[in-house]
Amino acid sequence: METFDPTAFGWKLQRPVDYPAPRYRVLEDERELGNVTSTLVARVAPRTYNLNYIAKGRVAYGYPFDFFNRNGGQAARFLFALPEFLPAPSAGPVCESVPGGTQGARTIFVRYSWENTAGRTTASPATEISVLANELLKVTVPPRPLGAVTAILFATEGAAGTEQEQIATDELTWTQPDAALLLATTEPPDENTATEISVMRMLSFRVQRGVGLSYFLQIELEEAPV
C-alpha cells in the first residue's frame with residue numbers, strides 16, 4: 001500500500017485536528033452468579049478524521065489529485081500516519097524524596113515521555129527536587145494515555161535540559177536504585193515520533209485557492225478494513 005503524506009509535498013497541518021473516540025470500547029456485566037464480571041472488548045464503528053492543511057505552490061496543489069487518481073479515488077486503501085496521535089505530556093512528573101540508600105544530598109531534574117510501537121513523544125517539562133542524604137528519588141507519572149505502551153524517565157543531577165534516559169517502565173512509579181543516575185544514555189527526543197499508522201480510505205477532499213499561490217486542503221479520511 002502507498003502512504004498518503006501531504007506534509008512531504010509542502011502541506012502544513014492546521015489546528016485543530018478533529019480526533020474521534022477510541023477504537024475500542026469495553027463492555028462489562030456484573031449480573032452473573034457469583035459476582036463474576038463478564039467483559040467484552042468491542043470494535044466501534046470506523047473512525048473518521050477531518051484534517052485541514054495549507055500550502056503554497058503547484059506541487060502541493062497537485063499532489064492529492066494525483067495520489068487519489070493513481071490509487072483509485074474513493075475506492076483506494078492507503079496508509080496514513082496520524083499526526084501527533086499520542087500527545088506529549090504537558091506537566092512534569094511528581095517527584096518525592098523517600099527513605100533508603102546511602103547517597104548524599106543532591107538536586108535532581110526529572111522529565112518523562114510516552115512511547116508506543118512507532119516512537120516517542122517529546123518530554124514533559126522538568127521537575128526539580130532536592131533529595132535528602134540517605135534517601136532515594138521516587139517518580140510518579142500519570143496513567144498512560146490511549147496508545148502509550150511505556151513511560152520513559154529522564155533524569156540528571158546536573159542542570160535542567162541535560163537529562164538522560166534512566167528506564168522504560170509500564171509502572172506508574174519508579175524508585176531510583178541505590179546507585180548513581182545513568183549517564184551518556186539517550187536524551188529526550190526533539191520531536192514527537194509516536195504516531196499511529198492506519199489503513200485509510202478517502203471520504204472527501206476539497207482544495208481551495210487562497211491569495212496568490214496559497215492553497216487550502218480539507219480532507220476527510222476513514223479507517224478501512226485491511
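None of the figures in this text is laboratory data; all of them are computed from the coordinates on show. Quick caveat: nothing in here was measured; it's all calculated off a predicted structure. As a convention, Cβ positions derive from the backbone with ideal geometry for all residues, glycine included, and neighbour counts pool all protein chains shown.
Some notes on this structure:
- Options [x] 67, 61, 27; [y] 62, 61, 33; [z] 62, 57, 40 - which one matches Cα extents along the principal axes in Å as calculated here: [x]
- Candidates R209, R77, R201: whichever shows maximal mean-square fluctuation once the chain is modelled as a Gaussian network with Cα springs under 10 Å: R209
- Sorted peptide list for 174-183, 105-114, criterion being average Cβ within 10 angstrom, highest first: 105-114, 174-183
- C-alpha center-to-center spacing [region 67-95, region 163-226] in angstrom: 8 Å
- Only Lys, Arg (+1) and Asp, Glu (-1) charged, at Cβ; the chain dipole about Cα centre in debye: 1180 debye
- Charge dipole magnitude, Cβ of K and R +1, D and E -1 - region 94-175, Cα centre, debye nearest 20: 100 debye
- Of D190, D66, the sequence from fewest to most neighbouring Cβ atoms within 10 angstrom is D190, D66.
- Per residue, the average separation of C-alpha pairs within less than 8 Å and at least 6 apart gives the chain a relative contact order of 23 percent.
- Packing-based exposure ordering (other Cβ within 10 Å, fewest first) of E187, E115: E187, E115
- Angle between the chain longest axis and helix 58-70 axis [Cα atoms, degrees, rounded to 10]: 80 degrees
- In terms of surrounding Cβ atoms within a 10 Å radius of their Cβ, S204, S90, S124, S214 rank from fewest to most as S90, S204, S214, S124.
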